[in-house]
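First the structure, in the form of structure tokens, and then the observations on it.
Readers should treat all values here as calculations from the given coordinates under stated rules, not as data from a laboratory. Here the structure is a predicted model, which is why all the values come from computation and not from measurement. Counting neighbours? That spans all protein chains shown, and the Cβs are built from the backbone with ideal geometry, glycine included.
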Amino acid sequence: MITIDEFKKMELIVAQIKEVKEHPNADRLYVLKVDTGQGERQLVAGIRSAYTKEQLIGRQVIMVSNLEPAVIRGEESQGMVLAATDEKGVVVLSLEREVALGTKVK
């Protein structure tokens, strides 16, 4: 379990996917360019089996924006897209309606 104070340290924001490329070293990963409203970030996401590139471009998603950058199979990831996984596969968390990029999720 984590405390509410620990949870509050996470910065969840709305971002929009602008570009999607296949990860050069992993069949299950995409390399995404997202607009955070404060600039672009590169994210690596394990959602390739569930979505085509065309299904993702333009989609608003929820991301963890203050996650320490990590190199995933040679590509830097500067955050994390939130998704759920069940027996039917992966589903990226998205919004019911469009909101301003960078909007904080509470």
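Below is a table of values for the structure above.
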{"read-out": "Dipole magnitude of segment 4-92 about its Cα centre (Cβ charges: Lys, Arg +1; Asp, Glu -1), debye to nearest 20", "value": "200 debye"}
{"read-out": "Helical contribution to [θ] at 222 nm, DSSP H n ≥ 4, -39,500 (n - 2.57), averaged over the chain, rounded to 500", "value": "-1500 deg cm²/dmol"}
{"read-out": "Over the chain: Rg over Rh, Cα atoms, Kirkwood Rh", "value": "0.96"}
{"read-out": "Lysine pairs with alpha-carbon atoms under 18 Å apart, the chain, spacing 8 or more or separate chains", "value": "9"}
{"read-out": "Leading residue at positive end of dipole, segment 4-92 (Cβ point charges), from LEU12, GLY79, GLN42", "value": "GLN42"}
{"read-out": "Ranked packing of 8-18, 40-50, most packed first, by mean Cβ within 10 Å", "value": "40-50, 8-18"}
